[in-house]
Structure formats: structure tokens, C-alpha cells
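A short worksheet on the structure shown next.
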Amino acid sequence: MNSFAYTRADGVTHAVAERADESTAAFIAGGTNLIDLMKENVARPTRLIDINRLPLTTITDTENGGLRLGALVTNADTAYDDKVAKNYPLLAEAILAGASAQLRNMATDGGNLMQRTRCYYFYDLATPCNKREPGSGCSAINGYNRIHAILGTGSPTGDVQCIATHPSDMCVALAALEATVQVTGPDGDRTIPFAEFHRLPGDTPQIDNTLEAGELITAIDLPANGFSKNYAYLKLRDRASYAFALVSVAAALEMEGETIVDARIALGGVAHKPWRRPEVEAMLHGKSASNDVFQTVADAMLDGAQGYGHNTFKLELAKRAIVRALAQAAKLN
Amino acid sequence: MTQQPYIGKPINRLDGLDKVTGKAKYAAEFDTPDLLHGYVVNSTIAKGKIKKINTQDALSLPGVVKVFTHENRPKLAWFDINYKDQDAPPGSPFRPLRDAKIRYDAQPIALVIAETFEVARYAASLITVEYEQVAHLSDLEANRHKARKASSGMATLLKPPPPKPKGNFEEAFNAAPHQVTAEYVHGMEHHNPMEMFATTVVFEKGRGKSGGKYTVYDKTQGVTNSILYAAQVFDIPFKNIRVVSPYVGGGFGSGLRPQYQLFMAMLAAQNLKRSVKVVLTRQQMFSFGHRPATIQTVALGASAEGDMTALYHSAVSETSQFEDYTEVVVNYGGMLYPPENVTLDHQLVPLDVSTPLDMRAPGGVTGMSALECAVDELAFKAGIDPVEFRLQNYTDRDPLADLPYSSKELRECFRQGAERFGWLKRNPEPRSMRDGHQLVGGGMATGIWEANQMPARAEAALLVNGKLRVSSATADIGTGTYTIMTQIAADTLGMSLDDVTFKLGDTDMPAAPIQGGSWTAATVGTAVKTVCEGLAKKLFKLARKMPDSPFASALFDEVVFADKMIQLKKDSLMAVSLQSVVDSNGGAAVRHTSTGFPNILKQRKYTRSAHSAVFAEVTVDEDLGTVRVTRIVSAIAGGRILNPKTARSQILGGMVWGIGKALEEESVMDHQFGRIMNHNLAEYHVAVNADVQALDVIFVEEHDDIVNPLGVKGLGEIGLVGVPAAIANAVFHATGKRIRNLPITLDKLL
Ligand SMILES: Cc1cc2nc3c(=O)[nH]c(=O)nc-3n(C[C@H](O)[C@H](O)[C@H](O)COP(=O)(O)OP(=O)(O)OC[C@H]3O[C@@H](n4cnc5c(N)ncnc54)[C@H](O)[C@@H]3O)c2cc1C
Ligand code: SF4
């Protein structure tokens, strides 16, 4: 860990201004990811801008019938919020499937979006890693890649640069729900649709998302429809709790009787971002729920997937997980 | 009135309150003014040489006092013998900062000393190293053809190599109507006790040549081991050094050898003549001893009726390039089962890794995890229930040593375990039981572990206030040593627990061996009983000399110690209080020191082991491969149970470990770098609460007056030994699939 300066920001404007003044500074919220990265010397901010006092700690109704989650609401408070639990149970379940109770008490919603990959090599300065040090190489491709990506790993140059995954559970549900991210930067406010927030590695794997330098997440907006009737969050991991997803599936269906009228499927643990394919989801429209239909959809979701050895099992596992999650959402069994 | 006997009662852990309120101090928590802090730098290559190590940037940071490397290391003891600790395997022990050579990945190569921990850590990040790298070997499978016999040494005494073949395995195997041959594999595992390795050296300046005094707070499973190492390596007279370790936050074997933070802290303290603390990080907890990756082959043959006739068990495991670590992996089948034709073999492959180290049930859980799966497979082939099969192939003698067991209530373990588990309700057909998507299975396995006893010393003192203090330089790694020793002492002298204290973990106390091998209850327990009996005799002698003593003409055999008194057996009113005895001692405590020795003449005629029968129930998702252990019943024959509560906790801990070992645990090596990649507790998985469901422990009654005077067998390891195999067998029963590569992760079941 390097030595660093510390500023406690007393408002959004102050935080953004401090960051604009010092490009090597970093916002700190719960610190559950950033401090670990600093201890490993992966992150070496010259200044920590503490945003915990910013007034972004509430969950409020939005004009169009949805909810606004302040960036500094903790993961625990979000999952146990009455409205979230009732109207967005998919989100609540996804959050509670993540980390541990202690971590969720510290972790914030904004920080959850910004957490970095858990790739072993990214955390270990002794090994090459394109995400940590562009151009140094990717150790995972020929290494131990059990937790790595099978989708969206291509790059424009043709050489795969990075097979890291985004490790969040919460984000998989947010992708399925089509949340939006509210941000404030030196040039003002903007709204980023969730599908555009995280990105694929391409040949710039060091960039995780589309947030511009110096922008602060202020809130996450949930649209009115929480798919609270037919949903499932299925997380498969190496132990029953306190492990990142090998594969996770957020499935949300809108049903009229037996018939599916709207469907969302987002996958975690398989790509550099929560993985969606709206055109595949559309295949479900007008269909009645059955394992056969779900199997076809699962195959299509995994179209083009590629394994790298240790993670090749995810190709089959992800398909089975999709089928199971959709069946649960449709209350098939 | 005292509550005798305490032995056999579920007494709460006497150190429990201090531990949960933070009063108990661990090695890293001791403080002293002007303490310096050390941070260790580790190599980032697995093999080669340091060409250049740049410490200038680190040294220029304000607050940095010194950086020690191989280049400026002060001169230390030269011969290997000075670096050999009590658990050192044959070979040449690793010496930190010895030279420029890199022998394994994450080898400690520099120590930064600074005024604060934070500065030391930051400075460490500024050190850069240029290496000359050479190709390393880290893959056991790829190098198994290099396997060779292990060299022998002191360690071999406790870990006998496999005996010579008996009968003719091949002939018997080929003739056997039922045969099983299979290979079993598991990777490296690291102990990862909660408490990080740490040493705080408090240095007091001395006059003259002796150079000052060292009080060393060390995380260790044996203060005697640490003091021998530190005194010899740093050439410090014993009178000037004391090692203290009152509490240990878990060991599991990792503290059986002095770890490198002890070396580093001593090096800096001696050189700088300052007090120094060195604490390792979790990542560094993966940079020394571990359970070795092992490949095993088991081949078994049985007659048409299911009588075992042939047994072959071989193991190939990794060791370092400089020491031959071995453990007993393959002998247990020969001890437990009756075949006349037995071939056992264990070989080592030296790799560029740190030397492996005993890890809970070392060898035993490795070997039994393979053997007991093969036995299950053989029973299945012979069409016999696995419990029946084991009863059919039961032996009351140890066929390998050709000796009777001192006691062996394993039959009773099978019976009581099966009954509690509801074994007979299991449909024997694999993949025949289900609950929705969950396939349900039940499996069982046998466990065995040596019941050893070492010599140990102890002191007992009846203090002037009438209280008893007993001490021995043993450890309590969380097992309950404090509690059971207090119980033994209180019972031997007829005192109440409140009037007895037991002290441990200090080299000023009489010496005891390292705490391992499940021998502490037997070893230190016998020493405590012996010394208290000796003290009793002394007290009786004093009592006889007291004016108007009621014992003037009594013999020692005619009195009892009860209710803080010495009483005539035939007339308890004829009594003298212990307080008045010590009062008559001229204002001094009455002390006695003695050694508790194992009765080797008696013990050598028997094989002495603890046994267990483990029954496990699992559910396996038919599509997703996720395994959950829904129930485990462990029936233990472990001799006399001194304290059912601490005993049960030991077994529960072993069962929880067994779940992790069967399903989760593995230090994963990336052979590109020869480096362990999941070196933190987020990615190195052990069982968490949510993985643990119903655990049930049965202690089967077992009397044994051969193992030691207390009749105890030790419970540290036996709780683990049979659990992974029982789970693997349950997974087979649930799914019809034999997974022989631990851990059984979901991908192996897809
Ligand atoms: C052992 C372990 C296990 C875990 N398991 C899981 C799991 O199973 N599933 C899961 O989903 N997560 C898991 N997590 C991750 C955890 O959810 C994240 O660490 C947490 O959500 C991060 O939030 P934080 O507030 O602590 O962020 P911080 O650590 O404070 O910050 C993380 C990053 O976000 C930036 N940042 C924070 N807030 C903002 C903002 N408002 N605007 C812009 N940038 C911001 C920071 O600058 C930093 O770069 C685990 C973490 C650990 C340590
Ligand atoms: S997968 Fe990405 S993060 Fe991991 S080593 Fe490769 S480049 Fe680095």
C-alpha cells in the first residue's frame, strides 16, 4: 500500500471538483474492494476522496413509478428495504446471494457497480495482466481460468486480451431489470442505460465501464416493472455462501396465464459485463413455458461461447442454469 | 464440597471468556515502547537467482530503519543442524536470506524494518528485484516419473515408511473374483489458521558479551521448538531468551515448525538491538508448509464371498528440493484389513516448492480418503452393504505389525453410527433416491489415527494461599488443553476447578513436546497426573510431620485427597486441610516437578489407535452438480473422553474440515509460474456456515489402560480422517459417479 492523502467530501460538487483537481485520486465508499486493491498495490491512488458523507443514502420513489437507489445506500439496506423486497425481489435476492453479511453492511450500491474483477492474476503483481498493466499479457488465458469469461472475449485485433468477468451479483439483476445509472461529472449530469454501463474488454481491458474520468455515480434508477411475480436469481458457486458466482442467472418473465409476454435473461460470471441478448429473450415472447423452449433459448444465449480450459465446464453449466432459472421463474415445477 | 470427578464432565472452556472478550493476547498483540515493525518481501519467481535487489527507494523513505537481504545479512550459524527444528524432515532446512538463490515461489527474500507497520509495508512495495530465472518444476503429475524413495531421518521414527510386501499381491489380485483399481488425486492445501503467523521480540539491552535479553512472543505449536531454533541460529544463550505463547489462534500443524517470521524478527532484533514485530499477511500464509499434492493408486481384491485377499496402496507426493517431507499415507489399509497379500509404497517427487508440513491428520486423511473409497467400490462390486463388508473384513489385531490393538471399539462405532444415521433405510441402489431435482445419497467410511504418547515435564505447586498451580510448556491451539489439564489436576488432588490454574506456553516452564499428532491429552495429561501424584506424596509427607498429625502412623495408600483435604480413607473425619499443610511449610509453596513417560515396555506390545465410523448424507443437483452435505454422523472410539464438550468441538471441527476437504479446499498452482494463485480466503475455499448442516457426534465407550494412565487417545485428527471418503461415497451413492479427484466441485459432476 502506498501513502496517500485523504479528503472528506461534503457534497457532490465538492467530490467531483476534488477529483477533477487530481486525476490520480479515487472516490472511496465502503472500501470493501478499493482497500483490498490498495493493500495489494493494484490500486495506488494519491488521494482518497471519502464520499460517505454525501447525501446519497436514501431510496426514493421516481416520477415514473420506479425507485431511485442512492449511490451510498448499502447493499444490505437495499436488499432489506421494504419496497425493494416487495417490488424488486429479483434484485434483493441477487444482492443477498453476494459476499457476506458483514461485507454487504459496508458495500455501497455505487461501489458494487464499480468493483473490479476477481481474476487472480489481476490481484497479483507477480504475474502479467493486461487489465492491470496494458500490454503485459494475459496470464489467465493459458493459466488457471476457472472463474473466467466464456462470452464476449474477442478483440478487434483478433488476439484475446482479457477473459476477466465482472463479479457482481447485484449488477446481473440490474441488467435484467434495465436499470439506469445517474452520474455527475465535471461537465454535468448524465444517465447511462445499464446495458451500456459495463463494457467488453476488446483491446482496452483496463477499462471496465463507460464512466468518464472524474464522474461520480449518484444513483441507480429502477424502472416501474420489477417482474415481482415471475423471477429467479440462480447463483452457482463453489460453496453455499461467500463465493463469487461461477455462473449466475437473473431470469424475469411477464406471463399471461401460461404464455410468456416479456422476458429478460441476464448472466453473471460469464463475461466482462452482465450478459444479455435481447434478441434471444424475444424468442420467448408468445411462447408457453416449457423446458424444451427454455433449452432452445439457453443454447442461443450461449451462442459463440468459448472455453479456455479450466472454465470450459461453464458452457454446459450456464445452459443448464438458464433452463433451471427460467423454469423457476415460470413456476414450472 | 468439590464436584469430583471433573474428568468426564462437559466443563466450559476455561479460557473462553478471555478469548471472546479480547483479553487473551496473541503473538502480534504484545506491545512495547519503541517497537520496530518488519514487513517481509517474497520472491515472484519459482526458481533462479537474485541478480540485483534495489532497496534504495525503500531506504530513502522517512521512518525506514533498515532493509535486510542476503547481501547484508549478518553472519549466522553455519551448519544445517542449527536450523533443524523438532519437526524437521530429513534434508537441509530452508534458511531465509541465506544467499541469492530462489528455491521456490514466494520465498522470503528481504525484510524491511521501519518505525511503523504502514511505512514498512509501503517501503516493501518500493523494492525491485532483478532475477535470473531458470525453468522450474511444480507439476506433480507431469513429474511423477521422477518419483523416488524418501530418505530417512529422525522424523521417520514417528512416521514409519511402508513395510516390506507381505504375501504375493499380484497373484492374489489376479485370482480375485472382485477387483478394484483406481487412482486418487488431490492438490496442495494450506492450513490457514485464522491467526496470522507473527513474532514480537521484546529486547532488553544487557551488559557485556551476552548482548541483551530476548522475550519472544511467537505463534507456535511449541515454545520449546521455537527457543531451540532461535538460540541455535542466533547463538544466544538459553538464559537470555524466553519464548512465550499463551494463546494460539489455530495451528492445524502449521506451527509445528518455526516459521520465517520468527527468524526475521530475531534477526532484526539482534542486529538492531531493538524490539521488533513481524506479522505475515494472509497471502504470505501460502508461502510455507502445506499438505502435499498426492497421487495414489489403490488396488483391492476380494473373494467371491467378499473376503479381502489382496491390497495394494501406493502414493506419490511432492516435496521440496531440499527436504524430504513424508507422512504415513499407505499403511492404514494394512492395519485395518486382513488381506494376506499386501504391497505398500510411498515415493516422493522433489519440486520447486516450499517443504510440505503436517496438516491436520497428515497422511491419514490423505490415505484414508483414497482407501475407503476403494473399499466402498469393492463392497459394491461384491454386492455387500459397505458396513457389512467392513464387519466381514474386521480385524482385532493389526495385521501389519502383527500385534493386538490395545483397544478397538470400531465394531461398536459401526453399530451406533449406522443406527443413529438410519443406515438401513438407505436404498443400496446408486441414484435411487431423490427429492425433486436433488439426488440423495448416503455413504460411510472408517477412520483411524495413532494414539501416541511422548515424554513431557510438568510442575505442580501448592501455593501459600492454598491454591494449586500446574504448568508445562505445552500449547493450547484451541483444542482445550487449558481446560482438560485443569480437570486432571483438580481431580488428582481433590480440589475444585476454581482453586486450580494451569499455565502453558512459556519456556520458563518445564518442557513439553510440540502440540501435534493428537498426543497432547495423553502426553501432557500424563505429565500433569504424574506431577500431581508426586506433589500429593510430598504433601502427605509434610502432613505426617505436622504436630498431632492424624497420619502419624498412616501410609500414603491409606489416604485420599478430597475437598481440599487429605483424609484417612477409613475415617474421613481424620483429615488435614491442604491449606494447613502448606502453612506448615515455612511460608513457601510446596513444589514438585517431574516427567511423565510413556510406558514403552507395555505399549510396544500393542498397536494403539483411535477409530471412527463416519456416515454422511448428501444431495446432488442432478443438472447443476452442486453438492450439499445434509448430515454427518461420526461415531468415535477415542478412549476415555476427558471433557465431552471440548471433545465434541474437536470432532465437529474435524467434520467441518472434512466437508471443505471433500468439496472445496485446494491451493491451485499455476504451473506457468510455479505460483499458487488463490492465495487469499476469498478464493481458497473452506467450508462456511451455510455449508454445514446437521452434525452428530457419538463417543463410543472404550476402556484402555495400555495407551496411558488416563486411557485417552487424543481427538485432534480422528474427527477428520474418515469424513472426505464418507462424503465421496455418498456422492457415488447419490449419482452413480465415482469422483476420485478432490475436491468434488460441481464441474466434475456435470
Ligand atoms: C471477500 C469478498 C467477497 C465478495 N463477494 C461478492 C459476491 O459474491 N457478489 C458480489 O456481487 N460482490 C461481492 N463482493 C464485492 C462487494 O460487493 C464489493 O466490494 C462492494 O460492492 C464494493 O462497494 P464499496 O462501497 O465497498 O466500494 P469501494 O471499495 O469503496 O469502491 C470500489 C470502487 O468503486 C469506486 N466508487 C465507489 N463509489 C463510487 C461512486 N459513487 N461513483 C463512482 N465511483 C465509485 C471506487 O473509487 C472504487 O474504485 C465481495 C467482496 C469481497 C471482499
Ligand atoms: S483475464 Fe484480464 S484481468 Fe485476468 S490476467 Fe488476463 S488480462 Fe488480467
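The values are calculated or read from the model by the stated rules, or taken from the named source; none is laboratory data. Only a predicted model underlies this, so the values are computations on that prediction, with no experimental measurement involved. Here the Cβ is made from the backbone with ideal geometry for all residues, glycine too, and neighbour counts use every protein chain on show. We work out accessible area using only protein heavy atoms, side chains counted, and drop any ligands, DNA or RNA first. Shrake-Rupley method; radii C 1.70, N 1.55, O 1.52, S 1.80 Å.
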Next item on the list: Write down the Kirkwood hydrodynamic radius of region B:74-143, to one decimal in angstroms, obtained as one divided by the mean of 1/r over all alpha carbon pairs.
Entry: 15.4 Å
Item checked: Where chymotrypsin sites (Phe, Trp or Tyr not before Pro) fall in DSSP loop in region B:51-126, at most 11 other Cβ within 10 Å -> B:TRP78, B:PHE79
Next item on the list: Express in Å², to the nearest 10, the accessible area of B:VAL342 obtained by rolling a 1.4 Å probe over the protein heavy atoms while all chains stay in place.
Entry: 10 Å²
Item checked: Antiparallel bridge percentage (DSSP; both residues within the protein assembly as shown; nearest 5) -> 80 percent
Next item on the list: Take every DSSP beta bridge whose two residues both sit in chain B, then give the antiparallel share in percent to the nearest 5.
Entry: 75 percent
Item checked: 1.4 Å probe accessible area per residue over region A:107-197, in Å² -> 31 Å²
Note to self: Quick query: amide H of B:PHE699 versus all other amide H atoms, modeled in the peptide plane; which residues come in under 5 Å with a sequence gap of 5 or more or a different chain?
What the structure shows: B:ILE636
Item checked: Calculated over region A:190-257: convex hull of Cα atoms, volume per residue (Å³) -> 179 Å³
Check: Using only the Cα atoms, what convex hull volume per residue in Å³ does region B:709-750 have?
Finding: 80 Å³
Note to self: Going Cα to Cα from B:LYS49, which aspartates and glutamates come in below 17 Å? Please leave out same-chain ones fewer than 8 positions away.
What the structure shows: B:GLU71, B:ASP99, B:ASP105, B:GLU130, B:GLU132, B:ASP352
Next item on the list: Kindly provide log₁₀ I(q)/I(0) values, in the same order as q = 0.04, 0.07, 0.09 Å⁻¹, from the Debye equation applied to equal alpha-carbon scatterers of the protein assembly as shown.
Entry: -0.23, -0.72, -1.14
Check: Using every alpha carbon pair in region B:676-750, what percent of pairs falls into each 10 Å bin from 0 up to the bin containing the largest distance?
Finding: 13, 32, 30, 17, 7, 0
Next item on the list: Helix by helix through chain B, keep the DSSP H runs that span 27 Å or more along the axis on Cα and average at least -1.0 on Kyte-Doolittle, and give those back in order.
Entry: B:520-545, B:644-663
Check: Given +1 on the Cβ of Lys and Arg, -1 on the Cβ of Asp and Glu, and no further charges, what dipole in debye does chain B carry about its Cα centre, rounded to the nearest 20?
Finding: 2360 debye
Check: Kyte-Doolittle mean at least -0.5 and Cα extent at least 18 Å along the axis: which DSSP H helices of chain A qualify?
Finding: A:313-329
Note to self: Between region B:511-580 and region B:703-746, what is the separation of their alpha carbon centroids in Å?
What the structure shows: 40 Å
Check: Could you give the semi-axes, largest first, of the ellipsoid that matches region A:5-53, computed as the square roots of 5 times the alpha carbon gyration tensor eigenvalues and rounded to whole Å?
Finding: 19, 12, 7
Next item on the list: Restricting to region B:194-349, compute how many DSSP beta bridges are antiparallel as a %, nearest 5.
Entry: 60 percent
Item checked: Buried solvent-accessible surface, both chains (A, B), 1.4 Å probe, Å² to nearest 100 -> 3000 Å²
Item checked: Rg [Å, one decimal], Dmax [Å, integer] - region B:641-718, C-alpha atoms -> 17.7, 54
Note to self: Tell me the Rg and the Dmax, in Å, that the Cα atoms of region B:96-233 produce.
What the structure shows: 24.1, 79
Notebook entry, point to check: So what is the calculated 222 nm ellipticity per residue for chain B, using -39500 (n - 2.57) for each DSSP H run with n of 4 or more, over all residues, to the nearest 500 deg cm²/dmol?
Noted result: -7000 deg cm²/dmol
Next item on the list: Give, in whole angstrom and from largest to smallest, the semi-axes √(5λ) of the equivalent ellipsoid of region A:154-289, with λ running over the eigenvalues of the Cα gyration tensor.
Entry: 27, 20, 15
Item checked: Filtered trypsin sites (Lys or Arg not before Pro), region B:5-69: DSSP coil and at most 14 other beta carbons within 10 Å -> B:LYS23
Check: Any idea of B:GLU429's accessible area? Nearest 10 Å², probe 1.4 Å.
Finding: 110 Å²
Margin query: Please compute, over every Cα-Cα pair in region A:1-141, the percentage with a separation greater than 19 angstrom.
Written below: 59 percent
Next item on the list: Bin all alpha-carbon pair distances of chain B at 20 Å intervals from 0 and give each bin's fraction as a whole percent.
Entry: 16, 46, 31, 7, 0
Next item on the list: Could you calculate, for region A:230-329, the ratio of the Cα radius of gyration to the Kirkwood radius, expressed as Rg to Rh?
Entry: 0.97
Margin query: So, taking all protein chains as they sit and a 1.4 Å probe, how much accessible area belongs to B:ILE7, in Å² rounded to tens?
Written below: 30 Å²
Item checked: Where only C-alpha atoms are counted, convex hull volume of region B:1-119 per residue in Å³ -> 239 Å³
Checklist line | Pair-distance profile P(r), taking every C-alpha pair of chain A, with 10 angstrom steps and integer % | finding: 6, 26, 35, 24, 8, 1, 0
Notebook entry, point to check: Computed over the Cα atoms, what is the radius of gyration of region A:107-228 divided by 2.2 N^0.38 Å, N being its residue count?
Noted result: 1.14
Check: Just the accessible area per residue of region B:1-62, please: how many Å² with a 1.4 Å probe?
Finding: 57 Å²
Item checked: Equivalent ellipsoid semi-axes, region B:454-597, via Cα gyration tensor eigenvalues times 5, rooted, Å -> 29, 14, 13
Item checked: Debye log10 I(q)/I(0) at q = 0.25, 0.27, 0.28, 0.30 Å⁻¹ for region B:194-251, Cα point scatterers -> -1.00, -1.12, -1.17, -1.28
